[in-house]
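Since the structure comes first, as structure tokens, the remarks are kept for the end.
The values are calculated or read from the model by the stated rules, or taken from the named source; none is laboratory data. Predicted, not measured: the structure shown is a model, and the values here were computed from it. Don't worry about glycine lacking a Cβ; one is built from the backbone with ideal geometry, like all the others, and counts go over all protein chains shown. Heads up: the accessible areas ignore ligands, DNA and RNA and are worked out on the full protein's heavy atoms, side chains in. Shrake-Rupley method; radii C 1.70, N 1.55, O 1.52, S 1.80 Å.
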Amino acid sequence: MQFADEMPGIPLQDLWDDIPPAAGNESLGYPTQKPVALLERIIESSSNHDDLVLDPFCGCGTAIAAAEKLGRRWLGIDITHLAITLIVSRMRSMFPGVEVHLHGEPADIAGARALAEEDRYDFQYWALTLVGARPVDDAKGKPKKGADKGVDGAISFLGDNPKSPHRCIVQVKSGHVSSATIRDLKGTVEREKSELGLLITLESPTSQMTVEALEAGFYHSEWMNQDYPRMQIITIGELLKGQQPKIPPRYNPYQLSEFQKKPGQQPSLFQQEG
């Protein structure tokens, strides 16, 4: 038996100044984001393996990421689709194969239309989660609303150089679409110097839109030795049925940083989604 006064050192105090702020690959630009090391210390000292961790205001998901890493069960709650988008992207990138079950999300076209009518930004953020895209950031690194210059989100994928990812620009449309929508997306992709463009639409594309997209040609991935349509259109209905756009293996910046590693695991630069 050991007593506290017989052990070397001093007990852990309530002032912790040895954990730096979230930075680098860990930072998601969320205004109140905490470093994962802080949440790991709190969870590890106050719970046991396989305990349930509840975060009722989970923001960008730092607590549930720390819980997953430490072998705890977890439940996160947030009312904004922006937060949900960041959490889903973060968890699937940090822990490939992890099961993330969403509740309260649209499950059919009627639900998607209702969300679009209620708040088009929430619809946009929700649609981005369906393809694993990240919302675009403003100059301060925060997901932005308002004028987006044709860019709602982006998917980073592996290019010829593993340290220099390529981008697929994502646009989300909940209203009327036409061949002009595809032409605008082409211009945005060229302006942003991106390789691929993806349009997510609530309405079915016209035949002219399909032709316009095909005329954009293909992007050849040296890494995969495969061609991918440079302009792609996918509907919310198709996504709800499990279809996905054709994009090279995803670049995974989260797993480049040490803070995500589990014992015995090595970080992966990318993950292939179905």
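Annotations
- Lone qualifier among Leu15, Leu54 - being more than 24 Å from Arg250 (Cβ to Cβ) and exposed (fewer than 10 other Cβ atoms within 10 Å of the Cβ): Leu15
- Residue within the stretch 114-132 that is of a type in the set (Ser, Thr, Tyr), part of a loop (DSSP other than H, G, I, E, B) and modelled with pLDDT under 95 present: no
- Selection count where residues are crowded, with 19+ Cβ neighbours inside 10 Å and under 17 Å from Leu15 (Cβ atoms), scope the stretch 29-38: 0
Conditions (1) open to solvent by less than 20 Å² (accessible area, probe 1.4 Å); (2) under 21 Å from Arg92 (Cα atoms); (3) modelled with pLDDT of 95 or more; (4) outside any loop (DSSP other than H, G, I, E, B), marked per residue:
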{"position": "Ala147", "(1), (2), (3), (4)": "no, no, no, no"}
{"position": "Lys186", "(1), (2), (3), (4)": "no, no, yes, yes"}
{"position": "Val189", "(1), (2), (3), (4)": "yes, no, yes, yes"}
{"position": "Gly197", "(1), (2), (3), (4)": "yes, no, yes, yes"}
{"position": "Glu203", "(1), (2), (3), (4)": "no, no, yes, no"}
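- Candidates Ile87, Ile42, filtered to the one that is β-branched (Val, Ile, Thr), assigned to a helix (DSSP H, G or I) and open to solvent by less than 40 Å² (accessible area, probe 1.4 Å): Ile87
- Among (1) at pLDDT 95 or above; (2) over 23 Å from Tyr121 (Cβ atoms), the one test that Asn225 misses: (1)
- Ser156 meets the conditions (1) part of a strand (DSSP E or B); (2) touching a Gly at 6+ places or on another chain (Cβ under 6 Å) in every case but one. The failed one is (2).
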